[in-house]
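Please treat every number below as a calculation from the coordinates, not as lab data. Here the structure is a predicted model, which is why all the values come from computation and not from measurement. Please note: Cβ atoms are built from the backbone with ideal geometry, for glycine as well, and neighbour counts cover all protein chains shown.
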């Protein structure tokens, strides 16, 4: 029996991951904890997974910014099915932000709280139980969803780029810490994936990938316990090149680059 806990499960990548895991493990048995803020979307997803794959679903309606609520959800999931084999911190938001506007401060705070602290809130209540489970030979893996946007600062996306850069570095630190307990930590950095979050973008999105294709590649990477991977691979090449661009050249390249409008959020 495979046990998986996924935040941000009501749409986009999270929803696709739930379907991918349910389909892949339907003959071996799988229980999935689904976390999101929208109850009606979780109910619909649960009904689909139960009907199509006979998946056992546990639904938790909460905001990842609420550490207490996530702790309660985690303890219930552990009580119901035991320590999860895989915990996926997927919940995230993107919003156009500009530091020059005072009214954007709240948006900066929300993006950082959800994309960074939400990840910490997701992992923390499971680690102790996963330590004990791993000592007994069970799979124990923490997976965080970052972004190629965390490689270099993008214009108009100060909050999002900063949050994803923080997520990448946080996950690297966590991976070194969890070595002592033999708990794997995987960082997945998506490029442009076809989801409601990217559907509102008005600029070109190179190597745009369908979310179902992405989800299967995501599951493959997690199964291989990769430490860090970019999906699609073409964006991985781009990410490596981005690291090599001198700051002065980067400034010139991005000076007039298009970016997400401040009144749009996802």
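Some values worked out for this structure:
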item: When the chain is reduced to its Cα atoms, the Kirkwood hydrodynamic radius in Å; result: 18.8 Å
item: Cβ-based exposure ranking for 10, 46, in which fewest neighbours within 10 Å come first; result: 46, 10
item: Estimated distance in nm for a label pair at residue 136 and residue 71, the labels positioned 7 Å out from Cα along Cα-to-Cβ; result: 2.4 nm
item: For region 125-224, the spread of Cα positions along each principal axis, largest first, Å; result: 50, 28, 20
item: CD proxy at 222 nm, helix term only [per DSSP H run n ≥ 4: -39500 (n - 2.57); per residue of the chain; nearest 500]; result: -15000 deg cm²/dmol
item: Relative contact order %, the chain, counting alpha carbon pairs below 8 Å whose residues are six or more apart; result: 19 percent
item: Computed E for residue 50/residue 249 - FRET, C-beta separation, R0 45 angstrom, nearest 0.05; result: 0.30
item: Value of relative contact order over region 59-186, rounded to a whole percent, pairs C-alpha under 8 Å and six or more apart; result: 29 percent
item: Global form of region 87-132, assessed from the alpha-carbon gyration tensor, a/c cut-off 1.5; result: prolate
item: Debye log10 I(q)/I(0) at q = 0.17, 0.19 Å⁻¹ for region 1-132, Cα point scatterers; result: -0.84, -1.01
item: Candidates 12, 191, 137, ranked by Gaussian network fluctuation over the chain, Cα under 10 Å, top entry; result: 137
item: Packing-based order for 96-105, 78-87, using average beta carbon neighbours within 10 Å, highest first; result: 78-87, 96-105
